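Before any comments, here is the structure.
Nothing in this text is a laboratory measurement; each read-out follows from the coordinates by a stated rule. In this text, all values refer to a predicted model and were calculated from it rather than measured experimentally.
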Amino acid sequence: MTRLLIALIALLSINTVAFGHSKMSGSTPEDGATVEAGLAAVSLTFDRKVRLTRVMLAAAPAEMTLAAVMSDVEALENQAEIGVLSELPKGFVEETEIDFDPLIPGVYKLHWIAVAQDGHTMEGKVHFAVESAD
């Protein structure tokens, strides 16, 4: 009976790990980072494979700081999108790079939506500032 109980616990533990939700594990630039003008791509890394379904890049109004944009979830809701040049990966990936025209100084938000292999939809944001190279 004890062996059966141990086997059952082990089996349940394996399923819990196998069906855990995916999440973003990193980005370049990192959320909250400041980089030099000319940035032309953001890399996203996930802890498990996902399929990106939408990526939007938006610029904050000139008077907004990075801290203000990060603390106000609606700060960039009505801003015009900046064109994303790269096509989204067709399949499931753990890492991808989103390309766009080189950015001028300002504050930006990259918003992504993805579907994990377990079918769950998730989304996230990467906020960053671009400053002049002076």
Item to check | Calculated SAXS-style log₁₀ I(q)/I(0) at q = 0.21, 0.24 Å⁻¹ - segment 21-131, Debye, Cα scatterers | outcome: -1.14, -1.39
Checklist entry - So what J values fall out for segment 100-108 if you push phi through Karplus, 6.51 cos²θ - 1.76 cosθ + 1.60 with θ = phi - 60°, rounded to Hz, Gly and Pro as x? => result 7, 4, x, 8, 8, x, x, 10, 10
Checklist entry - Between ALA41 and SER86, what length comes free when the chain is fully extended (0.36 nm per residue of separation minus the Cα-Cα distance, one decimal in nm)? => result 15.3 nm
